[in-house]
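Scroll down for the structure; my scribbles are underneath it.
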Amino acid sequence: LEDKWIYFLRNAHRTPLRGIPSSLQDPDIEEAFEILEEIGRSEQQTMLYEKAEMDHRDHLARMDKKFEEGLAQGHQQGLMEGEKKGHEKGLAEGEEKEKLKVARAMRAEGLDEKTIAKITGLTLQQVQALD
């Protein structure tokens with residue numbers, strides 16, 4: 001690590017951040033080079049850099065917001081579709097139960113199985129399986 005700092009101190013003024021040999025790369029050394037680059041910027045370069053940083057953060061914030069909105073919309077849509085399917089399934093089950101109830105009542109009145117099937121829309125097998 002000492003060799004890396006010695007290299008930095010001797011070469012910082014003439015080595016850009018991208019010019020650090022890979023054998024000497026270290027997060028602390030890289031941060032020192034970045035700070036040195038910031039110090040060496042002109043006022044205009046600093047303003048442009050800071051604006052680019054703000055734009056980037058704003059872009060990330062907008063992307064996060066859009067992602068969250070999309071997630072919420074997808075969740076809501078999924079709930080609505082699930083509710084609709086559940087409602088449809090419940091109605092179908094209710095209709096089927098009502099047909100069976102009517103078929104049982106018709107059978108108790110002595111109607112034949114073919115007539116019960118025809119009137120209720122049940123299959124002959126369903127009418128025959130009634131208890």
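None of the figures in this text is laboratory data; all of them are computed from the coordinates on show. This one's a predicted model, so the numbers in the text were calculated from it and none came from an experiment.
Measuring max minus min along each principal axis, the C-alpha atoms of the chain give extents of 108, 34, 16 Å (largest first). Can you tell me which lysines have their Cα less than 17 Å from the Cα of Lys114? Leave out same-chain residues fewer than eight positions away. Filter leaves Lys99, Lys101. Note on Leu124 and Asp64: the extension gain reaches 15.7 nm, defined as 0.36 nm multiplied by sequence separation minus the Cα-Cα distance. Think of it as helices only: each DSSP H run of n ≥ 4 in the chain is worth -39500 (n - 2.57), and spread over all residues that comes to -27000 deg cm²/dmol at 222 nm.
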